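See structure below.
The values are calculated or read from the model by the stated rules, or taken from the named source; none is laboratory data. Quick caveat: nothing in here was measured; it's all calculated off a predicted structure. So basically every Cβ, Gly included, is an ideal-geometry build from the backbone, and we count neighbours across all protein chains shown. In case anyone asks, the SASA skips ligands and DNA or RNA and just uses the protein heavy atoms, side chains included. Shrake-Rupley method; radii C 1.70, N 1.55, O 1.52, S 1.80 Å.
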Amino acid sequence: MASGTVNPGMASGTANKANSLSKSQQAYRWIKERIAQQEFTPGYRLVLATIAGELGMSVVPVREAVRQLEAEGLVTFERNVGARVSMVDDSQYRSAMQVISVVESAATALAARELTKDDLRRARALNEIMAGHLERFDPRAFSALNQEFHHTLYSRCANARLLEIVNAEWARLGSLRDSIFAFVPERARESVQEHDQILGLIENGAPLHEIEEAVRRHRKGTLSAFIEHEHPDEPLGSAPI
């Protein structure tokens, strides 16, 4: 048989296998594939009616599929929220955030005296946009704005090695950096307020160690909120920064 030619028997067998799956199994496979491909990232809300419409079936088999995924630990149910993709292993997020809280706070302090009026105006404008997103909250959009805000403040750090480490740690988080506010949306409002305080310190020429401490507290607050949400029985302060 020529290379690249599809064997009709094989194609028929694959189609028959797919057709032999129950609707709940089809939904299970469809959702699981999207989680594996990170199309559905940690914290992503699974709206059953939307998935059912996408697959051309009722909500019942989709609900069964989600229950199976929950049993496997890939999905969690939250009261008044519904189903969302789980954070299967949060150790990577914890470790990266602990590093980021130290290196980014230092980079921001070192950059503070180099920031221009345009830089500060841009940072304030970004924070105002973030405040505007609070009522109709989109975790991924908010996270992107949040990262842009912080990048604006630390990017003028003259220590190239320190900047390299900060950017590398953010890159290490991958899709987790885009979805963390999906787990702790209430943290978003606090973040906007803390951004305003950090900007105030920079604009008023506060001592660099105060700026560094403010940024570190800010990062620690996000990590603490996440740990409290995901591990409510874990003692506070068990993940020191």
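In the chain, helical runs assigned H by DSSP with n ≥ 4 each contribute -39500 (n - 2.57); averaged across all residues and rounded to the nearest 500, the mean residue ellipticity at 222 nm is -21500 deg cm²/dmol. On a 0 to 90 degree scale, rounded to 10, what angle separates helix 91-111 from the longest Cα axis of the chain? So the inclination is approximately 30 degrees. Note on Lys220: aspartates and glutamates with a C-alpha under 17 Å away, same-chain residues under 8 apart excluded, are Asp90, Glu104, Glu169, Glu186, Glu190, Glu194, Asp196, Glu210, Glu212, Glu228, Glu230, Glu234.
The apolar share of the surface of the chain, taken as the fraction of accessible area on carbon and sulfur atoms (1.4 Å probe, ligands and nucleic acids excluded), comes to 50 percent. Applied to the range 153-169, the Karplus parametrisation 6.51 cos²θ - 1.76 cosθ + 1.60 on θ = phi - 60° returns per-residue 3J(HN,Hα) values of 7, 9, 5, 8, 4, 7, 7, 4, 5, 5, 4, 4, 5, 4, 5, 5, 5 Hz, with x for Gly and Pro.
Taking every protein chain into account, the accessible area of the chain amounts to 54 square angstrom per residue (probe 1.4 Å). Rounded to whole numbers, the Karplus 3J(HN,Hα) couplings from phi for the range 182-192 are 5, 7, 10, x, 5, 6, 4, 5, 4, 4, 4 Hz, using 6.51 cos²θ - 1.76 cosθ + 1.60 with θ = phi - 60°, and x at Gly and Pro. Measuring nothing but how far apart in sequence close Cα pairs (under 8 Å, 6+ apart) lie, relative to its length, the range 20-67 scores a relative contact order of 54 percent.
For Lys23, a cut-off of 24 angstrom between C-alpha atoms picks up these lysines, skipping any fewer than 8 places away in its own chain: Lys32.
Taking the average, over residues, of other Cβ atoms within 10 Å as the packing measure, peptides 34-45, 214-225, 98-109 rank 98-109, 214-225, 34-45 from highest down. The largest accessible area among Asp90, Asp118, Asp233, Asp138 belongs to the first residue in Asp233, Asp118, Asp138, Asp90, and the rest follow in falling order (1.4 Å probe, all chains).
Taking amide H atoms as placed 1.01 Å from N in the peptide plane, the amide H of Ser86 lies under 5 Å from those of Gly43, Val75, Thr76, each 5 or more residues away in sequence or on another chain. Over the C-alpha trace of the chain, radius of gyration and Dmax come out as 22.4, 76 angstrom. Sequentially through the range 197-202, phi angles give Karplus couplings (6.51, -1.76, 1.60; θ = phi - 60°) of 5, 5, 4, x, 4, 5 Hz, Gly and Pro residues having no value and appearing as x.
Given an 8 Å cut-off on Cα distances and at least 6 residues of separation, report the relative contact order of the chain as a percent. In percent, rounded to a whole number, it is 22.
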